[in-house]
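What follows is a single structure, written as structure tokens, with notes after it.
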Amino acid sequence: MQITQILFLIFAAIILGSAFKVVTTKKMIHAAFWLIVTLFGVAALYAMLNAGFMAMVQIVVYVGAIAILFIFAIMLTRKELLDSAAPLNKNWGVAALFGLLSFGGLYTLLRNWEGFSNKASALSTDVDMITELGTALVTPNAYLLPFEVASVLLLAALIGAVYVANEAKSD
Amino acid sequence: MIPISWYLILAAALFSIGLFGVLARKNAVAILLGVELMLNAVNINLVTFWRYNAPETVTGQVFAIIVFAVAAAEVAVGLALIISIYRNRNTIVADDLDLMKW
Amino acid sequence: METTNLIWLLPLPPLLAFFIIVLFTNKSNKLSHIIGVSAAALSWAGAMYVFYQAVVDDHFVAFTDTIDWLPLGDGYLEIGVRIDPLSAAVLFFVGITIFMIFLYSVGYHNFGQPKGDHDKQGLPPHGATVEDEHGHKHTVPSVEPMYARFFAFIGLFAAGMYTLVISDNLLTLFVGWEIMGLCSYLLIGFWFAKKSARNAGIKAFMTTRIGDVFMLLGLAFLYTATGSLSYEVIFSEATLHALASAPAFWGLSAAGTIGLLLFIGAVGKSAQWPLHVWLPDAMEGPTPVSAMIHAATMVSAGVYMTIRIFPLFSAGWDHHTLTPAMSIIAFIGAFTALFAATIAIAQNDVKGVLAYSTISQLGFMMAAIGIGAYVAAAFHLVTHAFFKALLFLGSGSVIHGMEHGVLHTGDHSVDPQDMRNMGGLAKKMPITFWTFLIGGFALSGFPIVTAGFWSKDEIFADAFAHGHTAVFVTLALAAFLTAFYTMRQITMTFLGEARTPEAEHAHETPWTMTTPLVILSIFAVGFGWVGIPEDFMNLSLPTNWFHSFVGHTLPHPMAAPVFSWIPLGTSLVVALGGLGIGYLTYRNFKSADAVDPMRKLLSPVYHFIENKYYFDEAYDYLFVKPATWISEVFTNKMDQGVIDWILHSFGTASFAIGSTIRNQFDTPVINRFFGDGSAEVVQIFGRWLRKAQTGRIQQYMLSALGVLFIIFIALYYLVLA
């Protein structure tokens with residue numbers, strides 16, 4: 001067992017464990033914290049995959065923004081009673097079943113794929129990944145359009161969120 | 001060396017857990033947490049395939065970045081909605097939000 | 001125009017008059033009678049022209065014309081017209097009498113008079129109250145409500161008679177025969193609201209129908225035996241010979257059988273015994289109808305036909321012994337003559353006497369033709385038409401005068417037709433009296449100056465000369481009775497003093513009624529002179545024109561009977577004797593309630609005579625009642641009971657089936673089970689299904705995923721694996 005493999009297993013355990021906690025804790029704020037742990041784990045995974053920029057973006061965006069957002073939402077919608085009640089609804093058995101089914105299905109599908117046992121190829125070192133990525137995002141021939149569309153999407157989401165969450169004016 | 005299958009299985013497992021969370025949690029915010037987990041699983045998949053199949057391109061990473069953006073937008077809007085619902089109905093238990101009931 | 005074309009057109013004017021009046025002018029009395037009288041006049045003019053053409057031609061045989069009518073196999077059934085001397089003579093009297101009757105009808109039905117107070121269609125008119133300038137009200141005769149209809153009917157009648165006379169075959173003769181049968185029904189029952197009139201019409205039609213059935217049988221037999229109904233064919237020597245030799249029923253030859261069968265038709269039509277019962281009842285019709293039917297046309301048609309088929313039933317006659325058919329005809333004729341005369345002496349209705357008189361005189365004609373006196377029969381036919389029409393129209397005039405008296409006194413219980421209520425009318429109605437007298441004398445056979453004498457005398461002469469003593473004696477007796485009852489009638493009606501106030505107030509009738517009387521009386525007097533035998537009273541007189549003219553209708557004309565004093569003497573004795581005794585017996589008949597002298601004289605048999613020998617009652621018992629019973633059984637039991645029951649049960653069954661289907665199948669199965677049921681099922685299903693719409697998105701997601709998994713697994717295992 002190589003060191004990378006062990007590392008992978010530890011991170012996998014962290015991710016899966018905290019993910020499990022996310023979906024099973026009673027208290028919402030705990031769930032949010034466990035999510036942060038999961039996100040960190042995923043970031044570490046990105047780093048193992050030589051996608052350093054991705055790891056950073058994961059932490060900054062997901063943990064720094066989205067998770068914070070969750071915490072804010074949880075704070076604004078807190079209910080004492082809810083936190084002491086059972087976290088799962090009455091269909092959780094079926095849901096578990098479906099979860100297992102989906103995992104099983106995905107595994108079955110992937111297993112029959114011939115590339116399932118590939119090993120990673122070596123990275124070329126003369127290419128600067130980040131420069132490449134940055135150039136690709138702003139090159140019209142490349143991925144400028146999706147980039148701009150994503151921006152528009154974010155703008156729309158921003159406006160939408162502000163509007164939806166706006167308190168009705170009482171005048 | 002780590003075979004691709006480990007990453008993919010991990011992503012599948014994460015996805016399944018997220019699915020479970022979406023389907024089984026009472027709290028609306030918790031549902032969104034489950035969605036986040038699923039999105040992360042997807043991202044892992046994307047990056048894994050980038051690394052193992054086409055590392056010289058940047059397509060995989062770009063895709064994953066766009067997913068980030070979308071996830072962020074979706075969370076923002078979703079939470080705004082939940083807050084609005086909370087203000088109107090004073091509840092965020094998903095089962096209580098059944099206005100579309102027959 | 002050519003005479004034959006004219007002959008075809010003779011029935012047309014009255015027929016057209018019928019249609020025009022029925023379709024167009026039935027609301028206007030004046031137009032209707034103008035059309036009717038003009039039609040009669042036109043046909044008369046045509047008939048006169050044809051007669052003239054026939055008479056002036058020295059070698060006249062016949063005017064004939066035929067057309068191919070009905071395609072039959074290889075050839076055609078031909079119909080056509082034929083005017084030979086016999087039909088020319090008949091045309092002569094038919095034309096003039098019809099014309100006179102049409103003219104008479106204008107006055108008889110009170111044209112120009114006001115509409116009656118309570119006159120209804122179907123009843124005879126009852127008078128209208130008019131106010132004169134002084135404010136006095138009196139009742140005057142009112143116009144007949146169905147005036148136009150009358151002219152239409154007699155127009156059709158006239159068309160039928162003309163058709164019969166001009167036809168050259170028995171088929172179209174039969175057509176005319178039946179048209180007249182229909183019209184007699186319509187006209188006898190003219191005043192249809194009177195039950196007696198309706199019954200009389202039915203009686204006439206039914207009785208003549210019996211005769212017509214046998215006549216049809218005769219026609220069928222004839223056609224089968226000879227293949228034709230045309231006179232030229234059936235009266236040809238060869239055909240007659242064949243028919244005479246072929247044996248048929250009951251010892252008669254085919255010719256005799258056919259002749260008898262056809263004769264039975266004439267028995268019905270000319271009211272001979274035993275089918276005489278309809279004629280007295282036919283007096284229910286208006287008097288012009290009685291004149292038409294019983295003098296001019298219908299009854300004459302029967303005699304005409306019998307004379308026409310003389311060659312048939314006399315086929316094989318050796319001029320000595322009568323053929324069986326001839327004997328039967330002679331018997332029926334003679335018997336009827338005497339039989340009817342005996343009834344006539346006890347009749348009190350002025351038209352009733354004339355009715356029985358007609359029957360009797362037709363009997364004379366039948367007897368004449370039965371014994372083979374061809375020309376005598378035809379001669380008497382023509383003269384009788386004139387004086388009988390005259391007598392009937394005269395009686396109508398008398399009745400009109402009496403009705404005037406009834407309207408004047410207002411006493412409607414007095415029957416204006418009863419002779420006992422009359423008397424003294426000679427002074428009040430002179431024209432009617434004198435013409436009636438002439439007619440009556442002609443009927444009785446008053447010597448020399450009346451036509452009846454000559455024709456009756458010829459019958460007697462023929463009977464005596466050929467040794468038919470029985471016929472001779474019977475006819476002589478009948479002639480005596482004829483003179484007797486005629487004088488009885490004249491005395492009771494016209495002579496003496498008025499026996500009732502109604503008779504006192506009678507007065508003469510208008511010119512439209514008296515003119516025809518005058519014209520007819522001229523013929524009643526003069527027509528006899530065309531038939532004076534050459535050897536009359538052993539003088540040498542000019543040729544008997546009538547005898548030679550009509551006699552030539554036969555292929556072998558028969559010689560006139562040799563003159564003998566006995567028949568002449570007999571006829572003088574019976575005529576004058578009868579007239580004298582009649583006058584003497586009845587001149588003392590002073591009051592309306594007096595007992596008829598005959599009643600005392602013939603008391604044992606008087607009530608038989610008075611009730612017409614109870615023949616009506618006998619027929620009623622034998623035929624009418626059983627027929628009514630059968631028809632009632634058939635109507636009630638068969639028709640209503642069985643057939644209607646079947647139909648009703650169809651209805652009931654259908655209803656039951658329908659109800660069963662409705663209640664057992666339609667309502668529970670179709671309506672409830674399928675109809676409501678399917679709605680119910682949908683509702684239940686919907687209610688069950690909507691539970692899936694919980695509004696909870698996690699459950700929606702679960703179901704979506706579930707289905708997705710199923711599809712994926714199915715896809716995987718079926719497609720990919």
Residue by residue through the stretch A:60-74, note down the ones that are more than 7 Å from chain B (Cβ to nearest Cβ) and in contact (Cβ under 8 Å) with a residue 40 or more places away in the chain. A:I71
Give me a count of the residues in the stretch A:3-37 that are in contact (Cβ under 8 Å) with a residue 24 or more places away in the chain, among the polar types (S, T, N, Q) and either surrounded by fewer than 16 Cβ atoms within 10 Å (Cβ to Cβ) or part of a helix (DSSP H, G or I) (or both). 2
Provide a single number: the residues in the stretch C:229-261 that are without any contact (Cβ under 8 Å) to a residue 60 or more places away in the chain, of a type outside the set (A, V, I, L, M, F, W, C) and either outside the structural domain of C:V303 (by TED's automatic domain parsing) or in contact with a helix residue (DSSP H, G or I) (Cβ under 6 Å, 6 or more places away or on another chain) (or both). 1
Breaking point among (1) surrounded by fewer than 24 Cβ atoms within 10 Å (Cβ to Cβ); (2) in contact (Cβ under 8 Å) with a residue 12 or more places away in the chain; (3) not hydrophobic (A, V, I, L, M, F, W, C), for C:T432: (1)
Specify the residue that is modelled with the highest pLDDT; the eligible residues are those in the stretch A:114-143 that are within 24 Å of the chain's Cα centre (by Cα) and more than 18 Å from A:G52 (Cβ to Cβ). A:Y143
Filtering the stretch B:67-91 down to residues that are buried (at least 17 other Cβ atoms within 10 Å of the Cβ) and either closer than 11 Å to A:L76 by Cα or at the interface with chain C (Cβ under 10 Å from one of its Cβ atoms) (or both) yields B:L79, B:A80, B:I82, B:I83, B:S84, B:Y86
All positions within the stretch C:7-48 that are touching a strand residue (DSSP E or B) at 6+ places or on another chain (Cβ under 9 Å) and in a helix (DSSP H, G or I): C:I7, C:W8
Answer yes or no as to whether C:L475 is crowded, with 24+ Cβ neighbours inside 10 Å and either touching a helix residue (DSSP H, G or I) at 6+ places or on another chain (Cβ under 9 Å) or of a type in the set (S, T, N, Q) (or both). yes
Would you mind finding the one in C:G526, C:G467 that is without any contact (Cβ under 8 Å) to a residue 12 or more places away in the chain and either surrounded by fewer than 24 Cβ atoms within 10 Å (Cβ to Cβ) or assigned to a helix (DSSP H, G or I) (or both)? C:G467
Can you pull out every residue in the stretch C:319-366 that is within 14 Å of C:K388 (Cβ to Cβ) and among the aliphatic types (A, V, I, L, M)? C:A340, C:A344, C:V350, C:V353, C:L354, C:A355, C:I359, C:L362, C:M365
Among the residues that make up the stretch B:11-28, is at least one of them part of a loop (DSSP other than H, G, I, E, B) and either free of Cβ contacts under 8 Å to residues at least 12 places away in the same chain or out of contact with any Gly (no Cβ under 9 Å at 6 or more places or on another chain) (or both)? yes
Does C:A54 qualify as being of a type outside the set (D, E), over 28 Å from the mean Cα position of the chain (by Cα), surrounded by 14 or more Cβ atoms within 10 Å (Cβ to Cβ) and within 16 Å of C:V382 (Cβ to Cβ)? yes
Check C:T486, C:T482, C:T474, C:T512 and return the single one that is touching a Leu at 6+ places or on another chain (Cβ under 8 Å), modelled with pLDDT of 90 or more and farther than 30 Å from C:A559 by Cα. C:T486
Under 27 Å from C:Y108 (Cβ atoms) and surrounded by fewer than 22 Cβ atoms within 10 Å (Cβ to Cβ): does that describe C:H400? no
Residues of the stretch C:690-721 satisfying the condition of being more than 9 Å from chain B (Cβ to nearest Cβ), in a helix (DSSP H, G or I) and aliphatic (A, V, I, L, M): C:A704, C:V707, C:L708, C:I710, C:I711, C:I713, C:A714, C:L715, C:L718, C:V719, C:L720
Looking at C:S228, is it modelled with pLDDT under 85 and of a type in the set (S, T, Y)? yes
Residue satisfying all of: in the stretch A:40-52; at the interface with chain B (Cβ under 7 Å from one of its Cβ atoms) and of a type in the set (A, V, I, L, M, F, W, C); farthest from A:F11 (Cα to Cα) among these: A:A51
For the stretch C:302-318, does any single residue satisfy the condition of being within 17 Å of the chain's Cα centre (by Cα), buried (at least 24 other Cβ atoms within 10 Å of the Cβ) and in a loop (DSSP other than H, G, I, E, B)? no
Would you check if there is a residue in the stretch B:26-35 being under 19 Å from A:F103 (Cβ atoms), touching a strand residue (DSSP E or B) at 6+ places or on another chain (Cβ under 7 Å), at the interface with chain A (Cβ under 7 Å from one of its Cβ atoms) and of a type in the set (K, R)? no
Can you name the residue in the stretch A:101-113 that is more than 17 Å from B:A54 (Cβ to Cβ) and more than 7 Å from every other protein chain (Cβ to nearest Cβ) and is also modelled with the highest pLDDT among such residues? A:G104
Quick one: which residue in C:M537, C:M598 is assigned by TED's automatic domain parsing to the domain that holds C:P280 and not polar (S, T, N, Q)? C:M598
(1) of a type outside the set (D, E); (2) touching a residue at least 40 places away in the same chain (Cβ under 8 Å); (3) not assigned by TED's automatic domain parsing to the domain that holds C:A483 all hold for C:P555 apart from (3)
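The values are calculated or read from the model by the stated rules, or taken from the named source; none is laboratory data. All figures in this text were calculated on a predicted structure; none of them were measured in a lab. In this analysis, Cβ positions are derived from the backbone assuming ideal geometry, glycine residues included, and neighbour counts consider all displayed protein chains.
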